[in-house]
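K.L.:
There's a structure below that I have some questions on.
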Amino acid sequence: MTRPRNGGDVAVETLIALGAHTAFGIPGQHALGLFDALHARPEVRFVSSRVDNNAAFAADGHARLTGEVTPLLVSTGPGALLTLASLQEAAAASAPVLCISSQIPSEGLGGARRGFLHELPDQSAAARGVVKSVHTVRHASQIPSAIAEAWRSAASGPAGPTWVEIPQDVLLGPAGLPAVADVDGAPEPLRPRAELVEEAVRLLDGAERPVVLAGGGVSRAGAQDALLRLAEHVQAPVACTFGGKDAFPWEHPLSLQSWLEDRHTTDYLEQADVLLVVGSGLGELSSNYHTMRPKGRVIQIEADLGKLEANGTALGLHADAAAALEAISARLRPREGSERAERRERAERETAQVKRKVAERLAGQDLETEIRVLQAVREALPDGAPSYWDMTVLGYWAWSAWDPRGGAMHSAQGTGGLGYGLPAALGAAAAHDGPVLAVSGDGGAMYGIAELATARQHDLDVTWLIVDDGGYGILREYMNGAFGRASHTELARPDFAALAGSFGVPAVLSSVERLGDDLAAALAAPGPSVVVLPAVLRMFAPTYLD
């Protein structure tokens with residue numbers, strides 16, 4: 001029996017017309033009209049998670065990998081609220097997630113307090129402080145425009161999550177409009193103002209010791225080639241933030257890599273006569289916990305208007321990183337002959353000196369095991385494969401020391417919440433042809449353990465490395481350092497390998513000595529797998545406290 005076309009059909013038609021091909025979420029009673037409409041539209045692959053916040057992490061992981069607006073479909077009340085912590089991370093990382101939540105029936109809205117299931121006084125108010133924009137629907141005819149506007153908002157610089165609410169009765173009720181085809185969610189380009197470009201060119205042309213700090217905005221804008229051309233033109237060393245690990249080639253002679261928590265790197269950035277900060281707000285991690293004090297001029301290119309000069313005086317260009325770098329590069333004066341050679345020799349020599357000092361500092365801290373583990377993971381993961389890291393000691397190491405080798409590294413560094421690694425990697429695997437790596441500690445792993453069922457059900461090619469140190473390892477280190485003892489950081493935990501096996505996911509208990517081989521074998525096998533490494537890893541000493 002064919003049912004009448006309803007609001008759920010209109011919503012799904014709109015998503016398809018805007019270009020959606022994969023969606024994440026969990027069905028719920030108020031949202032059934034939306035999910036039934038999905039059943040009849042094979043153009044959209046739906047990946048069903050087990051916990052709503054993990055569905056939001058999965059949408060985040062997919063959005064970061066593809067750069068595309070990614071739909072997240074959830075139900076009213078508990079389902080919607082559970083997504084908020086994950087959407088906060090998407091907001092911090094500028095991941096374009098479009099959340100469509102159902103609502104209680106229309107007659108209960110506006111504070112009527114009719115006592116409907118999942119009723120909240122104002123559900124959208126809970127989301128408003130987390131997402132970029134909130135779009136409310138009250139009739140089926142409003143659905144296409146509301147979703148298109150939310151799509152445009154999510155994709156516009158700075159990208160980020162948006163929120164659409166549709167009441168249950170609107171999703172289930174008749175839709176008297178034709179099939180949706182003509183909608184446009186394309187964002188407006190964010191170009192730099194001409195006078196600011198000219199001033200940035202003047203400063204860089206006059207700089208003797210320019211340095212670049214490249215953030216995640218470079219990666220999101222696809223501005224890597226433009227940054228490389230600019231850096232080589234002015235012979236500027238480039239450091240990458242933890243969110244922009246693939247912004248600049250790791251082994252390039254001008255690459256300072258990502259040792260931003262090391263004072264040697266901080267000192268070098270401070271000494272630049274012109275520091276070009278592109279795609280970064282110079283937040284806590286990127287500024288070595290706000291200890292960096294640039295002595296020269298700062299040029300800041302940032303898509304998020306609120307972050308311009310938020311952490312220091314700068315020439316602020318509110319612009320997409322690619323557009324700004326292209327515009328600046330096209331106007332820089334040519335440098336030829338001996339001037340170019342002399343600048344290149346000095347810049348490459350100084351870059352090498354900084355990295356040597358960082359290596360010497362680490363060498364005095366008895367960290368051979370930690371370096372060995374990270375190297376084993378790096379060698380096991382094929383070049384070009386993406387990785388998703390939870391808030392765990394090995395993830396903190398990766399922020400500074402991971403060579404992406406053409407595969408972006410993503411983590412929950414924006415908000416620091418636990419449980420990101422596995423569900424985000426599952427979201428990426430829905431779009432990536434080849435293996436995806438997830439890394440968690442045993443504490444973070446328990447947040448996402450139910451998603452092993454998702455991995456198996458959808459046969460997603462994710463290898464999950466769980467470093468089991470018996471507790472919240474990084475918090476243990478912090479508390480021992482601050483108080484001389486750790487409290488409430490030790491955890492009872494399951495036999496992770498046996499538990500994975502109960503989900504039908506192959507698992508192996510590894511060791512530091514066998515990790516490289518075990519991980520490589522798991523990554524080479526199609527479908528989900530788990531590698532468990534019992535190990536207590538230590539962090540390198542911080543320098544911001546010195």
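K.L.:
Please give the net charge around Val462, taking every other residue with its beta carbon less than 11 angstrom from that of Val462, where Lys and Arg add +1 and Asp and Glu add -1. Mind showing how you got there, number by number?
P.N.:
On the way: positive: Arg456; negative: Glu451, Asp459, Asp461.
Computed value for this residue: -2.
K.L.:
Suppose each label sits 7 Å from its Cα in the direction of the beta carbon; what would the Arg293-Arg114 distance come out to in nanometres?
P.N.:
6.2
K.L.:
Could you compute the net charge surrounding Ser502? Neighbours are other residues with a C-beta less than 12 Å from the C-beta of Ser502; K and R count +1, D and E count -1. Intermediate results must be reported in sequence, preceding the final value.
P.N.:
Values: positive: Arg456; negative: Asp495.
The answer is 0.
K.L.:
Something else: Which value, in Å², gives the accessible area per residue of segment 1-115 when a 1.4 Å probe is used on the protein heavy atoms? Kindly include the intermediate steps, with their values, before the conclusion.
P.N.:
Working: 3900 Å² over 115 residues.
Solvent-accessible surface per residue comes out at 34 Å².
K.L.:
Amide H to amide H under 5 Å from Phe46: which residues, 5+ apart in sequence or cross-chain, H placed 1.01 Å off N in plane?
P.N.:
For Phe46, the qualifying residues are Ala23.
K.L.:
Quick check: pseudo-label points 7 Å beyond the Cα along Cα→Cβ at His488 and Gln365, how many nm apart are they?
P.N.:
Here the modelled spin labels are 2.8 nm apart.
K.L.:
Modelled label-to-label distance, Gln375 and Arg202, 7 Å Cα→beta-carbon offset: nm?
P.N.:
About 5.0 nm, to one decimal.
K.L.:
At 1.4 Å probe size, put Glu149, Glu360, Glu477, Glu188 in order of accessible surface, largest to smallest. Mind showing how you got there, number by number?
P.N.:
On the way: Glu149 90, Glu360 115, Glu477 60, Glu188 140 Å².
Largest accessible area first, the residues go Glu188, Glu360, Glu149, Glu477.
K.L.:
To one decimal place, what orientation-averaged projected area in nm² is obtained for the convex hull of the Cα set of the chain?
P.N.:
Working: hull surface 107.0 nm².
About 26.8 nm², averaged over all directions.
K.L.:
Normalised by the number of residues in the chain, what is the relative contact order in percent for Cα pairs under 8 Å and 6+ residues apart? Don't skip to the answer; put the middle values down first.
P.N.:
Values: 1234 pairs, mean separation 71.7, N = 546.
For the chain, the relative contact order is 13 percent.
K.L.:
Hey, another quick one. Compute the signed sum of charges (Lys and Arg +1, Asp and Glu -1) over the other residues within less than 15 Å, Cβ to Cβ, of Thr489. Walk me through the intermediate numbers first.
P.N.:
Values: positive: Arg476, Arg485, Arg493, Arg538; negative: Asp442, Asp468, Asp469, Glu477, Glu490.
Spelling it out: positives minus negatives among the neighbours equals -1.
K.L.:
Expressed as a whole percentage, what fraction of the accessible surface of the chain belongs to carbon and sulfur atoms when a 1.4 Å probe is rolled over the protein heavy atoms? Mind showing how you got there, number by number?
P.N.:
On the way: 11070 of 21240 Å².
Ligands and nucleic acids excluded, carbon and sulfur give 52 percent.
K.L.:
What does the extension gain come out to for Gln29 and Tyr478, with contour length at 0.36 nm per residue minus their alpha carbon separation? Working shown, then result.
P.N.:
On the way: separation 449, 0.36 × 449 = 161.64 nm, distance 4.33 nm.
Difference between extended and current length: 157.3 nm.
K.L.:
What residues qualify as long-range amide H neighbours of His410, i.e. H under 5 Å apart, gap of 5 or more or another chain, H built at 1.01 Å from N?
P.N.:
Correct list: Ser387, Tyr388, Trp389.
The values are calculated or read from the model by the stated rules, or taken from the named source; none is laboratory data. Keep in mind that this is a model prediction, so the values were computed, not measured. Cβ: placed from backbone, ideal geometry, glycine included. Neighbour counts: every protein chain shown. Only protein heavy atoms, including side chains, enter the accessible area calculation; ligands, DNA and RNA are left aside. Shrake-Rupley method; radii C 1.70, N 1.55, O 1.52, S 1.80 Å.
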